[in-house]
């Protein structure tokens, strides 16, 4: 069986394999369970294995590389146009092989265990923050029904709750509601402690990681953004240039051009939305304080702000920061701020 390219449609328990030879002819069509997948791949001759960049793809990419295979990951949006007729696992696996046969196809780098650890830490912190925000909004909404309006802000809620559920404080709240408020207050305190722990770990990583230290010299990039960049970029040589990386995280305009007429729309918002959010929020602080500075970068920001407005300027600064970061990591040099 002369397999040169093997496409695998990933799932939780059932995997569909489609193997093709050098001429593109199908030589293998097989359905494999999760427990048997590793055994099947181990018995195959060394070939190129292609999968969609989806849940579990990084794990399987590392596993298959141990057997000497050349593993590639493709973004699902590039596979979709090659699906023939109805969508099913068999057609999806065939479409992956068809997409991989294109010479101009772009691939996604598989993440290492270290990168996934960093990404997991960032996602857990973000999940706790979202949960805390939901709890704050829920408590404010419930208390408004009792005629109690608490201003926005974490400190306002943490200051008001102990007074509300205090048994010695006479108010119109029932004993049952006070007990529930006290439980929610303890849950919020535990959530705050967990967020603080995650942030300490992230700052410790950013402090000891040499690449993160160099990246933090760029205006608008703090320790959390630096760790997020390290988790996303991995090997900077996987990106052709700075614009390629900016496009990878969705910081370049979408195009809808035809007939020689170029039409640029808003940013594409593809890729890692969390990293894009961190870069744009960091850029906001740079734009905010640029009016007090007279260096080349600040003058460019102020002129752009007058022409395009604050929001577009923040995106432009985030785009420039992404390009600068890739240049720093790719060339292994220090950041040189504009004078």
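The values are calculated or read from the model by the stated rules, or taken from the named source; none is laboratory data. Remember, it's a predicted structure, so these values are computed and weren't measured experimentally. Cβ atoms come from the backbone with ideal geometry, glycine included; neighbour counts cover every protein chain shown.
For this structure, a couple of remarks:
- Matching residues, the stretch 135-150, being part of a loop (DSSP other than H, G, I, E, B) and either farther than 22 Å from residue 190 by Cα or within 31 Å of the chain's Cα centre (by Cα) (or both): 145, 146, 147, 148, 149
- When the stretch 166-177 is filtered for residues that are more than 40 Å from the chain's Cα centre (by Cα) and not in a loop (DSSP other than H, G, I, E, B), the ones remaining, listed by number, are 175, 176.
- Residues being surrounded by 13 or more Cβ atoms within 10 Å (Cβ to Cβ) and assigned to a helix (DSSP H, G or I) - total across the stretch 104-116: 2
- Flag for residue 161 being at pLDDT 90 or above, more than 21 Å from residue 129 (Cβ to Cβ), surrounded by 12 or more Cβ atoms within 10 Å (Cβ to Cβ) and assigned by TED's automatic domain parsing to the domain that holds residue 128: no
- Counting only strands (runs of 3 or more DSSP E) that fall entirely inside the stretch 1-87 and contain at least 3 residues that are over 15 Å from residue 101 (Cβ atoms), the qualifying elements are 14-20, 26-33.
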